[in-house]
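Let me begin by presenting the structure, written as structure tokens, before commenting on it.
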Amino acid sequence: MSPVVVTVADLTKRYGDVTALDGVSFSLGENRIYGLLGRNGAGKTTLMQILTAQQFATSGEVAVFGQHPYENESVLSRISFIKESQTYPSNLRVHHVLRAASLVHPRWNEELAQQLVDDFRLPPRRNVRKLSRGMLSALGIIVGLASRAPLTFFDEPYLGLDAVARQIFYDRLLADFTEHPRTIVLSTHLIDEVSDLIEHVLLIDKGRLLLDVEAEALRGQVLTVAGPVAAVDEFARTGAELHRALLGGTARATVRGDFGPADHDRARALGLDLEASSLQDIVVRLTTATNGSAPSTPGVTRKEVLR
Amino acid sequence: MNRALTVARLQSVAWPSVVGWSWGILASSFLINLAIFATIRDADLEPTTGGLASIYIVMFIACINVITQDFPFAIGLGMSRRSFYLGSVIHFGAQAIGYAGVLYLLSVLEEATGGWGVGLRFFGLPFFLVENPVLRYLAFAIPFLLLGFIGFAIALVFKRWGVNGMLTLGTVALVLFGGAAVLATWQRWWAAIGDWFADQSGGALLVGWPALLTLPLAVASWLIIRRATP
Amino acid sequence: MEDGRPIFLQIAELLENSILDGTLAEEGQVPSTNELAAFHRINPATAAKGVNKLVDDGTLYKKRGIGMFVSAGARAKLRGRRRDEFARQYVQPLLAEARKLGIDPAELKHMIDTWEETR
């Protein structure tokens, strides 16, 4: 793996009785795009706030560029954290915010910033209080991309953006990443839109890390098969069943396993229909499969019967 | 230190609005007073207007805004709390030094023109007639610092401990001052307290004591901001 | 990109298809990883993985500092490999569906012949 940029070991964060993060451990490599996936309230924002020293961990260790980020200028100046809830001083205009960001980020690229202002059609002289939700998101995206920080976090950066603007974001992100590789963490629940951009998936649910896996390895790992119950049973035996729906004598099961072309053939030979699972399907299945006090390891079966 | 200067510059990106509020309000207060005095003219004793307080109040509010608005913004951009605090003190301190200088010059001008030709005493300080120019300058500057750090400290208590922190702070302050007042009434100390204030020179009231109070507030603000979250 | 299959495999297949239909000539240059990433809107590392798969099996070769090129003889080799896969990919599901509908192999052959004639 490429050089490690972030290390997190057994990280726990509690707010009173609420456990936002529960023993999370992982590491991030240099110059890769990570997808930090999970439902709202899963703990994604808290995790990024601790990595950027905006919040304090209850227990556990974090290291960013090999050091603890708290009050650490050499670490903090290499991070750009764009969060959905970012507020701005009410007397600032758009161009003030960009000027402020350019003062803070040593690798700021003004040309790129101006290009993006045009792309997103942001009015530079408008006061931040008078920006729509989408314009605020665009402003955050511009700061995040133009800062060219070696470690960039985007936390749900697209709220209020229309489909065109979101596509602009993804395209510009990819183009600039290609020319200026850096470590990017995309925290999102719009998984389908970013799934092709992500190299590595971190899935968090209820403060726990459910997945820490290459996106490519995940694709094809999860199959949904449909057909006679007996045949579905037969196929499901070769993997961990995540979900099953029944309709009369027909079943549809989502199964996770180390599947290859031979397994596809086997399913077809059993007379089963195969459905591809998108990254989004996989995440939905994994985060609904672990309910209540169920163990955090994926593979717990949830049965539902349709009549 | 570099990053602290960055914070100071960050807070100055929209400097016209920073300077504009303080001096705009002071100027309008001054002009209104000037107009009133020009029409009345026959003011009995050399009266003090109190309009000068407006710029101190604006700066106090500005310091609260530094914590409630600039702090989340600067931390969000990746500044450390240390740099933010230092930078904010530099930014605010520089304003206090500069503004006090201007106020000093205006007070000299006011005296020289006989109260702007209409006997208006706007920039001259109340009950403070020290001719020592250094003390006089400090009497303009130090109250800025005291009010600024009171603003920092109160806003930081809110930032770090929220509404509960403010309620606790309010309760503690009420108990302390209320208790002291009850004690003073019970022990018949009020006359002594009055004498004490009367005995203090203008320099002590506007420079010495405020400077002494500013210091612990600055230390307290620093300790609170170390663990504050945006 | 289509769901449910690793993207790098799909990239490798797309390049193979271009070689098979002659869009990419032997000894011709292949689009760069970054071009592929931008065009298909995928992660550059994934595009690189797809290209590298074809380098590993000899379909493509690397010219240092210039880029990737199609190997001589790659087209014939690919065609051979695809013919082997053809049965698995197309004939097997065809027979499975035919069996479900009660079409026996003889009838199936007849259908193929008449389909080809009427086309």
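Quick one: in segment C:1-50, which of the residues that are in contact with an Asp or Glu (Cβ under 7 Å, 6 or more places away or on another chain) and surrounded by fewer than 20 Cβ atoms within 10 Å (Cβ to Cβ) is farthest from the other protein chains (Cβ to nearest Cβ)? Out of the qualifying residues, it is C:10.
If we scan segment B:187-203, do we find a residue that is part of a helix (DSSP H, G or I), touching a residue at least 24 places away in the same chain (Cβ under 8 Å) and more than 30 Å from residue A:57 (Cβ to Cβ)? Yes; the residues of segment B:187-203 include at least one that is part of a helix (DSSP H, G or I), touching a residue at least 24 places away in the same chain (Cβ under 8 Å) and more than 30 Å from residue A:57 (Cβ to Cβ).
Residues that are at positive phi and either part of a loop (DSSP other than H, G, I, E, B) or exposed (fewer than 15 other Cβ atoms within 10 Å of the Cβ) (or both) within segment A:2-35 comprise A:10, A:16, A:31, listed in sequence order.
I'd like to know if segment B:17-24 contains one or more residues that are outside any loop (DSSP other than H, G, I, E, B), crowded, with 22+ Cβ neighbours inside 10 Å and not aromatic (Phe, Trp, Tyr). No, segment B:17-24 contains no residue that is outside any loop (DSSP other than H, G, I, E, B), crowded, with 22+ Cβ neighbours inside 10 Å and not aromatic (Phe, Trp, Tyr). If the condition is being more than 18 Å from residue A:201 (Cα to Cα), out of contact with any Lys or Arg (no Cβ under 9 Å at 6 or more places or on another chain) and more than 14 Å from chain B (Cβ to nearest Cβ), then segment A:15-49 contributes A:17, A:18.
Remark: residue B:54 falls outside the filter, which requires a residue to be part of a helix (DSSP H, G or I), more than 14 Å from chain A (Cβ to nearest Cβ), more than 24 Å from residue B:217 (Cα to Cα) and small (Gly, Ala, Ser).
Restricting to segment C:100-114, name every residue that is small (Gly, Ala, Ser) and not in a helix (DSSP H, G or I). If the condition is that a residue be small (Gly, Ala, Ser) and not in a helix (DSSP H, G or I), then C:102 is the only one that fits.
A residue that is surrounded by 22 or more Cβ atoms within 10 Å (Cβ to Cβ) and assigned to a helix (DSSP H, G or I) cannot be found anywhere in segment A:195-212. Using the structure shown, decide if residue B:117 is farther than 20 Å from residue B:6 by Cβ, part of a helix (DSSP H, G or I), away from every other protein chain (no Cβ under 14 Å) and over 18 Å from the mean Cα position of the chain (by Cα). In short, yes. Among the criteria (1) within 14 Å of chain B (Cβ to nearest Cβ); (2) among the hydrophobic types (A, V, I, L, M, F, W, C); (3) crowded, with 17+ Cβ neighbours inside 10 Å, the one residue A:131 does not fulfil is (1). Of all residues in segment A:73-128, those satisfying the criterion of being basic (Lys, Arg) and closer than 17 Å to residue A:169 by Cβ are A:83, A:121. Checking each residue in segment A:260-285 for being modelled with pLDDT of 85 or more, within 30 Å of the chain's Cα centre (by Cα) and more than 10 Å from chain C (Cβ to nearest Cβ) picks out A:263, A:283, A:284, A:285.
In the set A:107, A:126, only one residue is closer than 18 Å to residue B:14 by Cβ, at pLDDT 95 or above, surrounded by fewer than 18 Cβ atoms within 10 Å (Cβ to Cβ) and within 14 Å of chain B (Cβ to nearest Cβ); that residue is A:126. Across segment A:201-241, the number of residues qualifying as within 14 Å of chain C (Cβ to nearest Cβ) and basic (Lys, Arg) comes to 1.
Filtering B:64, B:57, B:36, B:25 for residues that are under 30 Å from residue A:143 (Cβ atoms) and among the β-branched types (Val, Ile, Thr) leaves a single hit, B:64.
Reported count of residues in segment A:50-88, each being polar (S, T, N, Q), without any contact (Cβ under 8 Å) to a residue 24 or more places away in the chain and facing chain B (nearest Cβ under 8 Å), is 2.
The values are calculated or read from the model by the stated rules, or taken from the named source; none is laboratory data. This is a predicted model, so every value here is computed, not measured. So basically every Cβ, Gly included, is an ideal-geometry build from the backbone, and we count neighbours across all protein chains shown.
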